[in-house]
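A short write-up of the structure that comes next.
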Amino acid sequence: MLLKHWFISKNVLGSTTPNRITRHQCSWAGKVRRQFCKTIRLVRAVISFPVVLLGDHDFLMVKSPLLIELPTPYFCPLSPFITFATMSIFHLDSNYKPTGDQPQAIRQLVSGVQNHERAQVLLGVTGSGKTFTIANVIAQLDRPVLVLTHNKTLTAQLYGEFREFFPDNAVEYFVSYYDYYQPEAYIAVSDTFIEKDMNINEEVDKLRLRASSSLLSGRRDIIIVASVSCIYGMGNPDDLSTSIIRIEEGMKITRNLFLLKLVESLYSRTEVDFKRATFRVRGDTVDINLPYVDYGYRIIFFGDEIEAIERLEIESGKRIERLKTAAIFPANLYVPPKDRMGDIIRDIQDELWEQVKYFEKEGRYSEAKRIKERTEFDLEMIKELGYCSGVENYSRFFDGRVPGTRPFCLLDYFPDDYLMVIDESHVTIPQVRGMWGGDRARKMNLVNWGFRLPSAIDNRPLSFTEFESLQNQVIFVSATPGDYEMEQTGGEIVEQLIRPTGLIDPPIEVRPSINQVDDLMAEIQERVVKNERILVTTLTKRMAEELAKYFAKLDIKVRYIHSEVETMERVEILRDLRLGEFDVLIGVNLLREGLDLPEVSLVAILDADKEGFLRNDRSLTQTAGRAARNINGLVIFYADVITDSMQRTIEETNRRRSIQIAYNEEHGITPRSLAKTREEIMARSSVLDIRGKREYYIEPETLSIAADPIVAHMTRDQVERLIAETESKMKKAAKDLDFISAAQFRDEMLALRERLK
């Protein structure tokens, strides 16, 4: 029997209101520990015991990360005073209860993890509540969790959903912080060297730092929702841990030593621009703008002692609250180890000497000169500043790794018993598998031509074998699991095919590709009238952009989305689609897995018979699933022939339809769409909160025209003429692509029509 929490009688403590009791301060703690050591096996020990008084009960609850295993039967001499009980460290907050085949799926997955099964597959159709099922599994297992996805859009959506499910726990977001990234490369054929060029998104960087800080804090109630960027190199977690500055009220430390520690943790001193990762000094007061949260710290010194620690509101400088203790985490995921800097520089110089010697022996003097000049320049920068442009290429030396060993990554920050959930695994797994090879080919070219030292090859993403070795237990989640997942589980899967809402998979129609755009236009107009949304998938980015321009000229409110759209903008585009800011979204592959868009009633797949990755049976099934959350859902394949992939998709869809229909008939369920309010949609986009505090305007359900007293005294004919005039302005604004003005005119027109009723 595994237990995490236990109750202790107040009579043992001799006090009813303790806040924190350490085993050095209380004799009972040492006695309890000695008794436990005699009768049980300690799996994980703790330093202190936080104690919380529970209401008017006659006992206190010890809420510690203590994990103990009790033999059966168990006898404890302190049993009159100690009552054992299990309590979850995760608090699942939801108005819904598991229904359909969700309870069975939850039981199977939890049982599998508890029975130490290394891999499981959850096959769940779109709209069956896979995320809710995983949330229930997380709540029952009490383990840190990594949710791995394959693109930033889906990562943001899942982050918002888990934030709703676990508002009291640490739910974090971790994706690549580049809005644009061009890695350095050399094209030998044209003798062209491409310098590294990038655009770092500071908002995303803030979220990454918050995620790593939460892991370093030792919390176990943590869920990290990450893209596959989590397998790329990061700083050594041991170095980051030693760079955490822990302070408490009354601590003896000089102000200058404290400032030195801040600088070593990569904070910069400023007097004017108090931005992220900076600190300012005003006499004995030090203000710190923390780069991973929305507040700062104010440290007040009295001589060589910390007199007070305050949480600070950055914008106004006002005190939020006074603290007894605080932990200041590093300002960057990479912290140079100061004590090893001399050895690091000597190791780089040794490798440089070997590489120059190798090139000269081969008679390649230009490459020898190039690598010597570039590396010596980097070394000068490292000596002066502790880093240089492209310092990640020397990460092997900074981490203290031997040649050929893998870099540290986010997975190293998790404890050994963490749970990995791979969402849309049929796409995520191939993406993880392919990253190492592409990176290595580019790096080898740079090394062979003298642009980088051979050690740069060890700054890389994990190979797939290394990725597998860092897994503890994993749950693959997909509506169309791949061959790899099935092999890992021996073909055994946990099925979740019932939608609690009763919604049935949308029917699939196959229509000829001739005049497909005109046919699609007619379908779009039919759904725009019903206030429903449309997704259109194309084969190329160019086609998506051109089709969006064509529809815009026809007064259709349309946007496009693909990999070149910035991270946060993608989230906003999907949110605006749901809010009705536009009606048609056109894309290539980003419209597939996991997008929760219940407002979408039509999915149109152009050139569905063009066999390939974007048109195989898994891709078609996933794309068709985007319309499965709407009761009026319809999928149209524009194709001249029915390919094998199309046929398999149609057959699997019909199988799932029959299962759902039978369930609905048996339980008397009438299918219904799950429409979300504007507030709920805003909450699902909570990843955008990192941009700062924003108060979103929520339109009232009914528009009031009382603001204009003239309208109240108009005759019916005058109001009808005003409606016609407003409608004309709306169409003109839409034709000019001024959709904001068009939306305002539309709202005015609707309000006037409501007035006529």
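Observations, loosely collected:
- Test: residue in region 402-425 that is in contact with an Asp or Glu (Cβ under 7 Å, 6 or more places away or on another chain), within 30 Å of Ile106 (Cβ to Cβ) and not polar (S, T, N, Q): yes
- Sole residue being within 28 Å of Asn664 (Cα to Cα) and at pLDDT 85 or above, chosen from Gln104, Gln114, Gln140: Gln104
- Figure legend. Inter-residue proximity from region 315-331: first residues over 16 Å from Glu305 (Cα atoms), second residues acidic (Asp, Glu) and in a loop (DSSP other than H, G, I, E, B), beta-carbon distance below 8 Å, spacing 6+ or different chains. Indicated pairs: Arg319/Glu313; Ile320/Glu313.
- For Trp436, the conditions (1) over 30 Å from Val125 (Cα atoms); (2) without any contact (Cβ under 8 Å) to a residue 24 or more places away in the chain all hold with the exception of (2).
- Residue match in region 405-428 (condition: over 29 Å from the mean Cα position of the chain (by Cα) and in a loop (DSSP other than H, G, I, E, B)): no
- Candidate set from region 462-502 (those that are free of Cβ contacts under 8 Å to residues at least 40 places away in the same chain and under 22 Å from the mean Cα position of the chain (by Cα)); member that is nearest to Val113 (Cα to Cα): Glu468
Conditions tested, residue by residue: (1) farther than 27 Å from Arg618 by Cα; (2) of a type in the set (A, V, I, L, M); (3) surrounded by fewer than 17 Cβ atoms within 10 Å (Cβ to Cβ).
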residue	(1), (2), (3)
Gln104	no, no, yes
Leu109	no, yes, no
Asn115	yes, no, yes
Arg118	no, no, yes
Ile134	no, yes, no
Arg163	yes, no, no
Phe166	yes, no, no
Asp191	yes, no, yes
Glu195	yes, no, yes
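- Members of region 580-617 that are at pLDDT 85 or above, in a helix (DSSP H, G or I) and open to solvent by 20 Å² or more (accessible area, probe 1.4 Å): Asp617
- Screening Gln140 against (1) buried (at least 20 other Cβ atoms within 10 Å of the Cβ); (2) free of Cβ contacts under 8 Å to residues at least 60 places away in the same chain leaves a single unmet condition, (1).
- Some residue of region 439-461 being buried (at least 21 other Cβ atoms within 10 Å of the Cβ), touching a residue at least 40 places away in the same chain (Cβ under 8 Å), farther than 30 Å from Lys372 by Cβ and among the charged types (D, E, K, R): no
- Region 542-561, residues that are in a helix (DSSP H, G or I), under 16 Å from Phe582 (Cβ atoms), open to solvent by 60 Å² or more (accessible area, probe 1.4 Å) and of a type outside the set (Phe, Trp, Tyr): Lys549, Lys553
- Out of Glu184, Glu172, one residue alone is closer than 27 Å to Phe451 by Cβ, among the charged types (D, E, K, R) and out of contact with any Pro (no Cβ under 8 Å at 6 or more places or on another chain). It is Glu184.
- Filtered residues of region 621-652 (kept if aliphatic (A, V, I, L, M), at pLDDT 90 or above and in a helix (DSSP H, G or I)): Met646, Ile650
- Thr405 farther than 26 Å from Tyr267 by Cα and open to solvent by less than 20 Å² (accessible area, probe 1.4 Å): no
The values are calculated or read from the model by the stated rules, or taken from the named source; none is laboratory data. Since the structure is predicted, the reported quantities are computational estimates derived from the model, not experimental observations. So basically every Cβ, Gly included, is an ideal-geometry build from the backbone, and we count neighbours across all protein chains shown. The area values use the complete protein model at the heavy-atom level, side chains included, leaving out ligands, DNA and RNA. Shrake-Rupley method; radii C 1.70, N 1.55, O 1.52, S 1.80 Å.
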